[in-house]
Amino acid sequence: IRLLDIEKDLVKSNGFSIVPYRNSFFVVDLCYISPNALRRAPEAYLGADSYICANYHIIPSSKDTILDLCCGPGFQMILALGNARSCIGVEINPFAQKVCEFNLSLNQVQDRAKVMSGNLYAPIKDVKFSIIYANPPFIPVPSGIEYPIPGDGGEDGMNVLKKIYGSMDRHFLSEARSIVYCEALGNEENIFFFDWLRKVSQKNKWGIEVFVLGKVYYLEQIRRVAQLVLN
């Protein structure tokens, strides 16, 4: 990736921002609504959901091995690493993977962390972990509409979520834990994803805690989708 452009005697960002957070630094795409954003479809994404997920991290021990699915620019995996033995991130987007690799070096954790290219669990095969994180795409996007990959969760928003939970048990060490941050469709009585998640947790004998942090009405979500598609 090319972080900087040089024009005559001026040096300018090639559509990136450097974000300091918790004694770490992250190169990420400028927000798509920024007038200086070069990529209207952000690939090295950092948003409000990224920060919320980070607030719920597990404090690791020196024995913990961590997996971060849909790792993007490496925000979760770098913050989660702490005293852990190691961390592997998986990212399907080659551009985001390159940004993540840079951020691992920038924060000097490349000796304990690496990013692998691929779709969810595919590149790690049968490796098991004690902690699994995921901040996956979860936006409901109608079929036929092109939407940035960091947000596209399929028509019901659950496409990636179901794949994550459907195979998670195969990659758990004993006494393993996982934190997944997402948004999901629902009504005043129920979040639709709960019914599917409840069946999976019962099948695998998991203990599950669900925290509902807020609500966004469907018209606002439609407005957000439309805004990014039109941009």
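Looking at segment 64-82 only, could you name the residues that are aliphatic (A, V, I, L, M) and in contact with a helix residue (DSSP H, G or I) (Cβ under 7 Å, 6 or more places away or on another chain)?
Within segment 64-82, I66, L67, L69, I78, L79 meet the criteria.
Take the residues of segment 61-85 that are open to solvent by less than 20 Å² (accessible area, probe 1.4 Å) and of a type in the set (D, E, K, R): which is farthest from L30 (Cα to Cα)?
Out of the qualifying residues, it is D64.
Give F102, F95 a once-over and let me know the one that is farther than 19 Å from Y21 by Cα and hydrophobic (A, V, I, L, M, F, W, C).
So the residue among F102, F95 that is farther than 19 Å from Y21 by Cα and hydrophobic (A, V, I, L, M, F, W, C) is F95.
Check off (1) at pLDDT below 85; (2) surrounded by fewer than 13 Cβ atoms within 10 Å (Cβ to Cβ) for K199 and give me the number that stays unchecked.
Among (1) at pLDDT below 85; (2) surrounded by fewer than 13 Cβ atoms within 10 Å (Cβ to Cβ), K199 violates only (1).
Within the bounds of segment 11-34, is there any residue that is among the charged types (D, E, K, R), closer than 21 Å to C53 by Cβ and open to solvent by less than 50 Å² (accessible area, probe 1.4 Å)?
yes
For I58, indicate whether it is in contact (Cβ under 8 Å) with a residue 60 or more places away in the chain, surrounded by fewer than 18 Cβ atoms within 10 Å (Cβ to Cβ) and of a type in the set (A, V, I, L, M, F, W, C).
Yes.
Across segment 107-116, what is the number of residues that are exposed (fewer than 15 other Cβ atoms within 10 Å of the Cβ) and of a type in the set (S, T, N, Q)?
Residues meeting the conditions: 2.
Run L120 past the list (1) assigned to a helix (DSSP H, G or I); (2) buried (at least 18 other Cβ atoms within 10 Å of the Cβ) and report the number of the one that doesn't hold.
Going through the list (1) assigned to a helix (DSSP H, G or I); (2) buried (at least 18 other Cβ atoms within 10 Å of the Cβ), L120 breaks only (1).
Please enumerate the residues belonging to segment 91-106 that are in contact with a helix residue (DSSP H, G or I) (Cβ under 6 Å, 6 or more places away or on another chain) and surrounded by fewer than 17 Cβ atoms within 10 Å (Cβ to Cβ).
none
Criterion first (open to solvent by less than 20 Å² (accessible area, probe 1.4 Å), touching a residue at least 24 places away in the same chain (Cβ under 8 Å) and more than 12 Å from the chain's Cα centre (by Cα)) does I88 satisfy it?
The answer is no for I88.
Filter segment 158-183 down to residues that are in contact with a Ser or Thr (Cβ under 8 Å, 6 or more places away or on another chain) and assigned to a strand (DSSP E or B) and give me whichever is surrounded by the fewest Cβ atoms within 10 Å (Cβ to Cβ).
So, considering only residues that are in contact with a Ser or Thr (Cβ under 8 Å, 6 or more places away or on another chain) and assigned to a strand (DSSP E or B), the one surrounded by the fewest Cβ atoms within 10 Å (Cβ to Cβ) is E175.
Could you check segment 99-108 and list, in sequence order, the residues that are more than 10 Å from M77 (Cα to Cα) and of a type in the set (A, V, I, L, M)?
Hits for segment 99-108 are V99, L106.
Mind checking whether some residue in segment 181-190 is within 21 Å of V90 (Cβ to Cβ) and modelled with pLDDT of 90 or more?
yes
The values are calculated or read from the model by the stated rules, or taken from the named source; none is laboratory data. From a predicted model like this one, the values you see are computed outputs, not experimental measurements. Neighbour counts are summed over all protein chains in view; Cβ atoms, including those assigned to glycine, are modelled from backbone coordinates with ideal geometry. The accessibility values were calculated without ligands, DNA or RNA, using every heavy atom of the protein model including side chains. Shrake-Rupley method; radii C 1.70, N 1.55, O 1.52, S 1.80 Å.
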